[in-house]
Amino acid sequence: MTYYHAGDVIVAANGILTFTNAVFQIVQTEAYEHTIYVDNSSGLPTKLVFRDSELLSSMPIQIFVKGMATLEVINSTLNNVMIVALEKSNVVLESATVNGAITTEWNSDVDLTVTDSLVTDTPVLAGTSRGYFTDSWVPSVDVTDDAIAHIYRWINVQVQDGAGMPLPSADVSIRQYVSGVPGGSAVSSESEGSLGVASVKSEATQITALGRRTYLGNYWINATYTHGSIHYTDEISVGVLPYSEPLSPNASYVVMQFDDVFPDLTVHASPPPQVEFDVASPSPGDEVGITARISNDGTGYAWDVVVAFYDDLDKSTTAQLSELIGSAVIPMIRPGETQTASVTWVATTPVDPNSHVIIAVADPDNEIIESNEAVAQGTGTIIVRSLPDLYVLSGINEVTTSVSPVVVNSTVQLMALIHNGGSNTSLGVVVEFYDEGAYFATAVLDVAANGVNIATVPWTPTSVADHVIKIAVDPGNLIEELVDLGATNYNNNVSLAITVLDYPDITISGPTVTPAGSVPGGSTVVVTALVSNLNPAPISLPEVKLYYNYTDQAFEQEITLNVYGFTKDSGVAPATFSFVAPVLNATTPVSLVLIVNPTGTDPIETRYSNNIVIGSVEVLDVRPDLAIASNDIYVQLGGTNRTGETFGKVVTVYANVWNMGGSNATNVRVQIGVRSTGFATVYNFTSIHIGNFYNVSYSSPNNKVLVSTAWTINLTTPGSYEIWVHVDGMKSIDEPNEDNNWAVKPFTIQPLVVDVVIAADDDEYKAGESIVIVAQITYDGTSDAVKRLPGVAFELYNLADPKDAVLGSRTANQTTDDGGVVNVLLLIPSNIATGSYGVRAVILTSNYESDPATTVHVSAAVSGGFLPLWLILLIVVAVVGVVAGFFVYTYVYGLGKLVECGECGAFIPAASKRCPKCGVEFESGTMKCSECGAWIPAASAECPNCGVKFVGEVAAEEDYMERMRAQYEDQVVSKYRELARPELGRKYNDKTFEAWWRRQPGYISFEDWLAKEEEKKKEGPVPCPVCGTLNPKEATVCHKCGTVFAPSGVMPPRKGPPPAGTAPTTAAEEEQPVQEAGMPVLGVPPAGGAPRMVIRRPIDRKVVPKKIIKTPLGEEKTEGGENQ
C-alpha cells in the first residue's frame, strides 16, 4: 500500500504512529518543505515506528525527535532524510537502511542504537549522547563533546553435540579477557536457519571526543549445557575486530562441542502396544492409519528422524525392504521427549488367516549417531476379515458384444466381466440383464477370490436407438461381501448405453477408365469405381462385379474388396479391374457395368438402387497413322529459323513426322522438296530430299521423328515457294487416314544482291580485240563468294548512258566456280566507235553493284578501199601470225599473270595502269619483298632489308605501315564512324569513338586486320599448269581449259634433274603424269627461282603501293608441305 502526504507529520501527546508493510511518500516541491516531528516535550510516551515499510520523498526532508520520544526503524528504508535527535530522545535502527544523515546537538542526551543496518552518511554524536553500533554499515562515527560511541560485533557460537549435530538450549556468555567483566549472553537456538547457534553481542571499541578509541574486543566465551542434573561446560577465548572506517559488519564465528552429548531413540511402549491402528478389524481394501510413538532417551537432540513401517508377511519379526508399507519423518525430538509418526496402509488379505504383524523401526538406516545404537523397533498386530467382494464395471472391455457395432434385428452375445475383489470364492453368483429396464436374460457363474469371470447372454435388439443395458450382480444380496451398504451392494450394479444401428447402405460411383478417353486395341484398360457405405453399420469384404461387352461378346470379372468394418466414416474403397482391349479394325465402344453386393443378401442393405454404375470405353483402331502439318516444318540457317533466303545459301530443312495411331510404323519413307506456290499436285516439285526410311513409334512422348536435310538453295528466281514434305508417298503403310501425310511450308526466295569485282587484262583495246575478264561475285557487303551462280554474262556499255549497252558485246552466260570467280573473253565488236566504255556484269534475276566501274578505252577499226588479193593474203598470214603469237604470249605471259592492287587487294592484270575495282592509278618501279614485306626497287636482285635473293622483278615501299593504316581506316573503321556519330551525339570524339568501337561485335584491331590482309595476299590465285589462266587456290578444275588439278600436296614432276638438295624421286612420284616440256606447272617455280606476285602501287593521287611479292631463292616448301 502506498500513502501520499503533502504536509507536515506530527506525532506528539502520547501518540504512536506505526507504518507496517507500507510506502509512505511525502510530496514536496522544494527541499525541507515539510517536516516530521516526533515530540515528547509533554513527558508522555511518543513513538514513530516504520516496520517492513519505506519512507519516500523526492526532496530532502527532516525528522525531529525531541524530549523522550522514540523513532524505531525495523527492517525498513528511509530515503532522502535528515534525522535530528534532541534532548533525551531514542533512535533505534534494526536491519534498516537510512539514506541520509543522523545528528544530535551539543545539549542532547540521546540514545542511538544501530543494529545490522546501513546508514549512508556519518552519524554525529554530541552532548552526552550515546551511540551503539552493532555489525552495521556506517562511513564513520563522529563523536564530540562528552558523547561516546560503542562499537559492537556479533560472536556467533555454534554449539554441537558429540556427533557434530546442532545442540540448542545451551547457555553461552562472555567476559572480558583481562578484567573478567561480564559481557553479553545468549541461548543456542532451535530456529530453522540458526539451529544450535547463540549470537552474543560483544563490545569491540569505545570512541570518545577527539577521536579517542579504546579497544575492548578480547573475550572468554563460556558454554554450558544442562540435561537434568548433569551439566556440560566448555570455554574458549576469542577476539573481535576493532573499529575501522568505513565501519562494516564483521562477526566472529566459534564452534563449541560437547563430546558426551548424544540422542538415544526408542519405540515407546508405555502404555502398550508400541504400534497402534485407527481401524480395529478392517476388510481387505480398507485404509488403516498406523501410528508409532518415538522417544528420545538420550541427552542430545535428534534431528530428521525417519520412522519406517513394515508388514511382516513372512512372520520373521525382522523388517525387510520388500515388506515396506511407508515411512514418516519427525523433524526434531528433544531429549526426554516423545513424538508420533504415522502412515496409511490399505489392508490386504493376510497370509495367515485374519492377522498381520506391523513393525515400526526408528532410524532404519542408522543415520543418527546415538549413545545406544541398538535397533529402535516396535510391533503391533491387526486382524483383517476374509470375505468376497463382487462388482461389475462399465469401462472399456468390461461390457462388450460379440459383434460391434450392433445392427438392428441381429442376435449378438452380450458379455460382462464379473469381478471378485475379496479373499473368498463366490459360488453360484446370479447376474441379471435388463434392456431399457426390461429383463431379458440371466447368467449364473462362480467367481474365484481376487478373480474374474464372464457372464454371457444372447441379445437381439429390435429397434434402432441407444439401448440402456443394466447388469445386476447378486441382485437378491444373498452373498455376504466386504463392501455392504444397506440391502444392496453399491458396486454390484452398472448401467451403460449400447448403440444399435440400421442396416448398411453400400453405394458405388464412377467408373474412371485409364487411359482416359480412347484406348488402342491390345492395350490394358484399368477400370476403377469407388465403393462407400452411407450408413454407420459396418460391412466387411464386399463383392464387386464388372461386366463388359462389345459386338456380340460379353465378359465379367468379380473381386472382393479387402476392407473390414467399413462404415460411413471410412471414406471410399477403390474397386479396380483390368482387361486387355480387343484388337479391332474399326473404333468400337465397349460398355462397362459395375455392381457392388451383386446378390443383395450379404449384407442386407436399406436400399439397392445405388449399387450399380455404367460406363464405356472406346477401343481405337491399332493401325499407325502418320501425320505432318505445316507447323511441323521449319528451316534454319546457323541455328536460326528462316522464312526465306537467297540463292547459294545452305539451309537445313526440318520436319517432325508424327504417328497418331495405335502401333509403330517402320520403314517410313519421308520426301522433302520445294515448289512454286500454287501448284495443285504433289508432283510439280523440285526435290530436296529424295527420301530416307524412318521408324516412328506411337507411344507418347516418343511418337514423332525429326527428319532433317541440308539444302543448298539452287533457285535464282525470287518469289514465293513452298517447301513440301510427303510421308509414305507410296502408301506402303496401311493407315486409317492418308489425308494428313502431306504438308507445305511457305518459303521465300529472296532477290540475290551481290557485289561484282571485274578485272580486265588491259585498259587500251582496239575494235575486234578480246578483253580478258576475271570477275569475282560476292554477297552484298560481305566477302562470301556466290558459288555456282548461273547466268553470269559481261558486256560493254556507254559511260555517258549506262542504259546504252554495246550491241554484240555481251558474252555467253557463265557459272561461277566455288570461289565465286568467272573467267571469260569479251569480244569487242569491230564496228564499235572510238571511246571509253564500261565493262559490267549482267546476272539473271539478281541485283548487284559494280562499284568502282571497270573502264577500258577502245579504238575503232581503220576504214579504206579494196586491197589487192596478194596484199589481203599477206595481211591474213600476218594476222594469223600475230594472233598465234598473241595467243602464245597471252598463254605464257598474259592470262595467268595478275598482280594485287595495293589499295583494295583485288587481283588485276599485270599491265594495268589503274585498278579497275577501286580506280587508283599505280606507280611503277617498286615491289614488295615476299619474305620480310619491305618495299624495295623493282630492279633489285636481292632484298636490301633481309638479304634474300629474288628471281624476276622487285619493288619497294617507303611507308608501307602508314599506308596500310590508312587502308584499315578507309575500309573498316570509317563505316563504324558513320554509325557512332548519331549514337554518341555531342560526346563524339576520337577518344569516345575508340571506346565505343572496341565494344562492337565486329571490332578488329589494326594488327589483326593487317595479319589477315597479308595472309590473303599470300593466298592469291594460282595459274593453270596448261593454259596459265589464274584460278582460285581451292579450285580443282581450270575454269578456262578444264584441266583437272592434282590433289593438294601432290604436284607433277618437273623435267630435268632435281634441284640441289632434293631427295631422289620415289616410285610413287614416277607414276604421276609427266607435264609436257615447256608447260608451267601449278605452284612450281621455274628452274633457278620462284615466281613472284606483283602488287601494283598507285600513284600519288592516292598513294597506295602495288606489290610484287617475290619468293626467296631456295624456298621449296610452304604450309602443308606444298611446293611453291
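Taken together, the values in this text are just the output of simple stated rules run on the coordinates, not laboratory data. None of the values given here were measured: they were computed from a predicted structure. Cβ coordinates were reconstructed from backbone atoms using ideal geometry, including for glycine residues, and neighbour counts include every protein chain displayed.
Taking the Cα centre of segment 265-382 as origin, sum charge times position over the Cβ atoms of Lys and Arg (+1) and Asp and Glu (-1), and report the length of that vector in debye to the nearest 20. All intermediate terms of the calculation are to be shown ahead of the outcome.
Numbers: 3 positive and 17 negative charges, 48 e Å.
Dipole about the Cα centre, nearest 20: 220 debye.
When +1 charges are put on Lys and Arg Cβ atoms and -1 charges on Asp and Glu Cβ atoms, the dipole computed for segment 626-749 relative to its Cα centre reaches about 360 debye.
Loop-located GluC sites (Glu not before Pro) across segment 62-129 with a Cβ neighbour count of 16 or fewer within 10 Å are GLU105, with loop assigned by DSSP. Qualifying GluC sites (Glu not before Pro) in segment 356-460, where qualification requires a DSSP coil assignment and no more than 11 other C-beta atoms within 10 Å, comprise GLU367.
Determine which residues of segment 719-735 fall in the zone a paramagnetic label at THR748 would reach in this model, i.e. backbone nitrogen under 11 Å from the point 7 Å along Cα→Cβ. Zone members listed by number: 719-721.
When only the Cβ of Lys, Arg, Asp and Glu is charged (+1, +1, -1, -1), the dipole of segment 2-146 relative to its Cα centre reaches about 300 debye.
Fully extended, how many nm does the chain gain between VAL346 and GLU1013 (0.36 nm per residue separation, minus their Cα-Cα distance)?
Values: separation 667, 0.36 × 667 = 240.12 nm, distance 11.73 nm.
Working it through step by step, the gained length comes to 228.4 nm.
Near PRO538: Cβ cut-off under 15 Å, other residues only, Lys/Arg at +1 and Asp/Glu at -1. The net charge is -4. Annotation: amide H of THR854 within the under-5 Å range of VAL839, sequence separation 5 or more or interchain, hydrogens built in the peptide plane. Between the listed residues GLN257, SER244, PRO282, the Cα displaced farthest toward the positive end of the dipole of segment 210-286, a dipole computed from Cβ unit charges relative to the Cα centre, is found at SER244.
Positive contributions from Lys and Arg (+1) and negative ones from Asp and Glu (-1), summed over other residues with Cβ under 14 Å from the Cβ of ASN21, come out at -1.
Determine the sum of side-chain charges near VAL622: Lys and Arg each +1, Asp and Glu each -1, restricted to other residues whose C-beta is under 15 angstrom from that of VAL622. Could you put the intermediate results ahead of the total?
On the way: positive: ARG623; negative: GLU618, ASP621, ASP625, ASP734, GLU735.
Within the 15 Å Cβ shell, the charges total -4.
Among the listed pairs LYS649/LYS1012; LYS649/LYS787; LYS766/LYS803, a Cα-Cα separation exceeding 20 Å is found for LYS649/LYS1012; LYS766/LYS803. Loop-located chymotrypsin sites (Phe, Trp or Tyr not before Pro) in segment 499-587 (DSSP state other than H, G, I, E, B) with a sparse environment of at most 16 neighbouring Cβ atoms within 10 Å: TYR564.
Based on the reciprocal of the average 1/r between different C-alpha atoms, the Kirkwood radius for segment 416-527 equals 18.2 Å.
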